[in-house]
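Here's the structure, in structure tokens; my notes come after.
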Amino acid sequence: MSIFDKFNSSSVEQSSNAQNVQENKVEIFTFNSLPESVEQLKTLKEASLKTPFETAALTVLALCAYAADKQIGIDMLNFLRGPRPLSLMDISFLDDRFRDGKHFVPFSYFKGAVPENDYTPAVPFTLEVQSNPYSASNEGYMTLWIKSGGADSPRQITLRRKGDGRWFLWEQYIMVGIRTPKSQDPWS
């Protein structure tokens, strides 16, 4: 067993009050195509939002939609945020992150998307969402990580469990700076 295999092994234990992650866990999500409307997003099996991993994966899809059409992205993110829709400040933050042609950032989280290919993901679109022993430190919340092909360390996303058991997007820190795509890098 390699060191990589050791860190990717997983074990999950349920307590009566909260889900406690005892070791690293990785969940892999594969999508044949990306949804182009909130209605299409809702037809995906992950849209049940039964696990924080599902909600985290759909957040990447919603941010990809935002890159193509702001309003569709807002609609998808509001679905994923449940009873706490995006504020004007949240929207302004996202607009800033997509400014200057940085529409490639959410695509960098898919397998195969790296600076050398201008963050063109492999099809089918595959995401890995991971936890660590501290992911469930706060009851009712889960902090997960998603690796970008343009960053050295995974990016954080926090989900919150609603009383009905569904997990909603609370905060995302995945729309942050990554390496410049090769076609836009004057030093390449």
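Shown is the FRET efficiency for Q71 and K182, computed with R0 = 35 Å from the Cβ-Cβ distance and rounded to the nearest 0.05: 0.70. State the antiparallel share, in %, of DSSP beta bridges confined to the chain, rounding to the nearest 5. For the chain, the DSSP antiparallel bridge percentage is about 100. Rounded to the nearest 20 debye, the dipole magnitude of the chain is 220 debye, with +1 charges on Lys and Arg beta carbons, -1 on Asp and Glu beta carbons, and the Cα centre as origin. Distance between the C-alpha centres of the stretch 115-155 and the stretch 46-82: 15 Å, rounded to the whole angstrom. Only helices enter the 222 nm calculation for the chain: every DSSP H run of n ≥ 4 contributes -39,500 (n - 2.57), and dividing by all residues gives -8000 deg cm²/dmol, rounded to 500. Sorting the segments 109-116, 127-134 by their residues' average number of neighbouring beta-carbon atoms within 10 angstrom, most packed first, yields 109-116, 127-134. 3J(HN,Hα) along the stretch 112-123, derived from phi through the Karplus expression 6.51 cos²θ - 1.76 cosθ + 1.60 where θ = phi - 60°, amounts to x, 8, 9, x, 4, 10, 6, 6, 8, x, 6, 10 Hz, with x in place of Gly and Pro. Annotation: lysines with alpha-carbon distance below 17 angstrom to K42 (same-chain offsets under eight excluded): K50.
Scanning residues 5 or more positions from R155 or on other chains, those with amide H under 5 Å from its amide H are I146, K147, S148, with H placed 1.01 Å from N in the peptide plane.
Give the Debye-formula value of log10 I(q)/I(0) at each listed q (0.09, 0.14, 0.19 Å⁻¹), with one equal scatterer per alpha carbon of the chain, two decimals each. Values, matching the q order: -0.32, -0.78, -1.38. In summary, the lysines within cross-link reach of K182, defined as a Cα separation below 22 angstrom excluding same-chain residues under 8 places away, comprise K102, K111, K147.
Would you kindly calculate the translational diffusion coefficient of the stretch 95-141, applying Stokes-Einstein with the Kirkwood radius from alpha carbon pairs, for 25 °C and a viscosity of 0.890 mPa s, and quote it in µm² s⁻¹ without decimals?
My calculation gives 191 µm²/s for D.
Quick note: the coordinates plus some simple rules give every number you see, no bench work behind them. A quick note: this is a predicted structure, and the numbers were derived from the prediction, not measured. Backbone-built Cβ (ideal geometry, glycine too); neighbour counts: all protein chains shown.
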